[in-house]
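Report on one structure; see the data block that follows.
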Amino acid sequence: MSLLSQINREKCPKHIAIIMDGNGRWAKQQGEMRLFGHAIGVEAVREVLKACVELGVRHLTLYAFSTENWNRPKEEVDGLMNLMVETIANEISELDENNIRLRSIGDRSGLPDACRNELTTAMEATKTNDSLDLILALNYSARWEIVDATKKIANKVKAGELNPSDIDDETFSKALCLGDVPDPELLIRTSGECRISNFMLWQIAYSELYFTDKLWPDFKREDLYEAVIDYQNRERRFGQVSEQLND
Ligand code: FPP
């Protein structure tokens, strides 16, 4: 029985978030430079995108560059930024043909001009597409996003548009980078590391976490199917007890 046929299409996550990790280690295993690992990592992005289209996943968020990643050697940072520009430019027409909308979370103002411009062009060109949102977390960290949302809310209070006593979960969710996107039901991290690394801290409050030893460049369509099957075998209780869910 194929992995795909084991998936219940009715119960697929609508939003999957992925911490793509292990490109550097993968490259080292191959005796190559780290940037080679990132380049092959783009192939894994393509694989996962195809799997998400197949399953009808509505939003896919990929942690592509964190605010902490600026601390890497300059050569790697420059190479990663060039790879983003190249990849976005090369993929834009295929994204569009597949009705995929490119979006981003993170501080775009801090990206190099070439990267920000390519991203802006691609986001504009695909903005009416509605089969899947491919959301790139670029120059992103969850703490930055939470602080940014807090500033937006504080400014509304200051302007007299919002009463502090009316601030609730929903107010906060809407003030995040993409207030219209539901929280991910499934968060995947590759490479065997079991931590969150400042990613979507608000949004993953109730997400199912899936950790795999696979290094990102080795992650294939079938690996995503396995993660979804694992997710479908879990009981999501949201604070309730099992018996309540089966009532
Ligand atoms: C983590 O592996 C990976 C990254 C920081 C970059 C991921 C970026 C890509 C795969 C390119 C995607 C491009 C687009 C446009 C979607 P690591 O370098 O931390 O690996 P290590 O932990 O083995 O050192």
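The values are calculated or read from the model by the stated rules, or taken from the named source; none is laboratory data. Predicted model only: the values in this text are computed from it and were never measured. A quick note on method: Cβ atoms are made from the backbone with ideal geometry, for glycine too, and the neighbour counts reach across all protein chains shown.
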_Pairs where the first residue, in segment 20-41, is within 21 Å of V85 (Cβ to Cβ) and the second is within 8 Å of the ligand (Cβ to nearest atom) and assigned to a loop (DSSP other than H, G, I, E, B), C-beta under 7 Å, 6+ apart_ = G41/M20
*asked:* Pairs needed: first member in segment 136-153, basic (K, R); second member anywhere, part of a helix (DSSP H, G or I); C-beta distance under 9 Å; at least 6 residues apart or different chains.
replied: R143/T67; K151/A175; K152/A175
_Subset of segment 32-43 (residues that are near the ligand (Cβ under 9 Å from one of its atoms) and among the aliphatic types (A, V, I, L, M))_ = A39, I40, V42
_Here are the criteria: (1) more than 13 Å from the ligand (Cβ to nearest atom); (2) surrounded by fewer than 20 Cβ atoms within 10 Å (Cβ to Cβ); (3) more than 24 Å from D148 (Cα to Cα). Tell me which single one D113 does not satisfy._
(3)
_Candidates L95, L35, filtered to the one that is surrounded by 16 or more Cβ atoms within 10 Å (Cβ to Cβ), more than 19 Å from E222 (Cα to Cα), in contact with a Ser or Thr (Cβ under 9 Å, 6 or more places away or on another chain) and not basic (K, R)_ = L95
*Quick one: in segment 171-227, of everything that is within 28 Å of V147 (Cα to Cα), under 16 Å from the mean Cα position of the chain (by Cα) and within 12 Å of the ligand (Cβ to nearest atom), which residue is surrounded by the most Cβ atoms within 10 Å (Cβ to Cβ)?*
T190
*asked:* I need a count of the residues in segment 135-151 that are over 18 Å from the mean Cα position of the chain (by Cα) and surrounded by 16 or more Cβ atoms within 10 Å (Cβ to Cβ).
replied: 1
*Which one of these is modelled with pLDDT under 95 and out of contact with any Pro (no Cβ under 7 Å at 6 or more places or on another chain): M1, M84, M33?*
M1
*Count, please, the residues in segment 99-142 that happen to be assigned to a loop (DSSP other than H, G, I, E, B) and aliphatic (A, V, I, L, M).*
1
*Tell me which residues, restricted to segment 44-63, are within 12 Å of the ligand (Cβ to nearest atom), touching a helix residue (DSSP H, G or I) at 6+ places or on another chain (Cβ under 7 Å) and of a type outside the set (V, I, T).*
A44, E47, L60, L62
*asked:* I need the full set of residues from segment 17-31 which are under 16 Å from M200 (Cα atoms), near the ligand (Cβ under 6 Å from one of its atoms) and not charged (D, E, K, R), in order please.
replied: M20
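For (1) touching an Asp or Glu at 6+ places or on another chain (Cβ under 8 Å); (2) of a type in the set (K, R), each residue gets a yes or a no:
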residue	(1), (2)
T190	yes, no
Y206	yes, no
T212	yes, no
P217	yes, no
K220	yes, yes
D223	no, no
N233	no, no
*Across segment 64-85, what is the total count of residues that are more than 19 Å from the chain's Cα centre (by Cα), charged (D, E, K, R) and either more than 10 Å from the ligand (Cβ to nearest atom) or in a helix (DSSP H, G or I) (or both)?*
4
